[in-house]
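The structure under discussion appears below in the form of structure tokens.
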Amino acid sequence: MTRPGGEGATDLRRAIQTAADSLAAAGIDSARTDAELLAAHVAGTDRGRLMLIDDPGETFQEAFDELIAARSRRVPLQHLVGTAAFGPLLLAVGPGVFIPRPETESLLEWALAQALPQDPVIVDLCTGSGALALALAAHRPDARVIAIDDSAAALQYTRRNAAGTQVEVLAADVTTPGLLPELDGKVDLLVANPPYIPAGAELDPEVAEHDPAHALFGGADGMEVIGPIVGLAARWLRDGAGCAVEHDDTTSEQTVAMFTDNGSFASVVPHRDLAGRPRFVTAIRIARS
Ligand SMILES: C[S@@+](CC[C@H](N)C(=O)[O-])C[C@H]1O[C@@H](n2cnc3c(N)ncnc32)[C@H](O)[C@@H]1O
């Protein structure tokens, strides 16, 4: 029998170090972290308990090597473990759905801080895995939360993640003129992290080859989906209700201009993410006359 910290643990440490070196050689900045997270995934534990394992088992090394080889080919870590963290949530992700990003947590924080009435109506446009909708639904169990996306592949994940929650998942293209008129003036909070990268932008292989292009690119200037979303917000938000729309770090001014030029919004404010980059714009629906 091996003791914690014994021979098996030394082998595990060595395996992780070798794996981290391979990942670093493949150009992965978070090599050590990724190696530990993949080791923990194979060992069926979490990263914090990894070093308490005295024997990861006979099949560990082969399974770990396979995952490290895939990660070295720049398959996203989240696809290899099948989940992505977003705020307090762990969401199912994989090929066909956008992996939620930490920068969107800045928009989430803003949304969580909004004062809403009892039983509010919350809409998450371009919901992908359901990240924003599910985080807001968990925060407001009394809310009606509607999560909208037009990708059948993404919606499989949305539905799986939303199972057992109050989130209503809807398949719809948010650029459709006149979409869901029954929501006109009824929505208390609208959030969106739409596709917004300008066409032709250079991206890491994890993003370019594994996030769906439909989730990433927002036309030549990155604003193709943001424009219709501003129009929906003008229609759907009740007077005095707020919305937040994420954008590319090069399009903060265009996004502010879209809200301002629409004429239905006050308090149009650009916000930065935790890395200090321009990331989302918030606006409040002015009262209808
Ligand atoms: C950048 S991803 C964001 C996903 C999620 N909101 C998040 O933060 O992780 C954009 C999402 O918008 C969806 N999408 C793209 N164009 C759309 C459209 N016209 N109508 C509805 N959804 C759209 C994509 O399928 C994708 O899931």
Could you list, in sequence order, the residues of segment 109-134 that are more than 7 Å from the ligand (Cβ to nearest atom), touching an Asp or Glu at 6+ places or on another chain (Cβ under 7 Å) and of a type in the set (A, V, I, L, M)?
LEU116, VAL121, ILE122, ALA133
Total residues in segment 180-201, condition out of contact with any Gly (no Cβ under 7 Å at 6 or more places or on another chain) and either within 9 Å of the ligand (Cβ to nearest atom) or within 20 Å of PRO95 (Cα to Cα) (or both)
3
In segment 202-225, which residues are touching a residue at least 24 places away in the same chain (Cβ under 8 Å) and either more than 25 Å from ARG73 (Cα to Cα) or not in a helix (DSSP H, G or I) (or both)?
ASP204, ASP211, PRO212, GLY218, ASP221, GLY222, MET223, GLU224, VAL225
So, first residue acidic (Asp, Glu) in segment 125-147, second residue more than 16 Å from the ligand (Cβ to nearest atom) and in a helix (DSSP H, G or I), Cβ within less than 7 Å, six or more apart or across chains; the pairs are none
Can you find even one residue in segment 64-77 that is without any contact (Cβ under 8 Å) to a residue 40 or more places away in the chain and touching a helix residue (DSSP H, G or I) at 6+ places or on another chain (Cβ under 7 Å)?
yes
Somewhere in segment 209-228, is a residue surrounded by 22 or more Cβ atoms within 10 Å (Cβ to Cβ), over 20 Å from the mean Cα position of the chain (by Cα), in the same structural domain as THR175 (by the TED database) and within 15 Å of the ligand (Cβ to nearest atom)?
no
Looking at GLY96, GLY87 in this structure, which one is more than 26 Å from ARG32 (Cβ to Cβ) and assigned by the TED database to the domain that holds LEU180?
GLY96
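The values are calculated or read from the model by the stated rules, or taken from the named source; none is laboratory data. Just so it is clear, the model here is predicted, and its values are computed rather than measured. Neighbour counts are summed over all protein chains in view; Cβ atoms, including those assigned to glycine, are modelled from backbone coordinates with ideal geometry.
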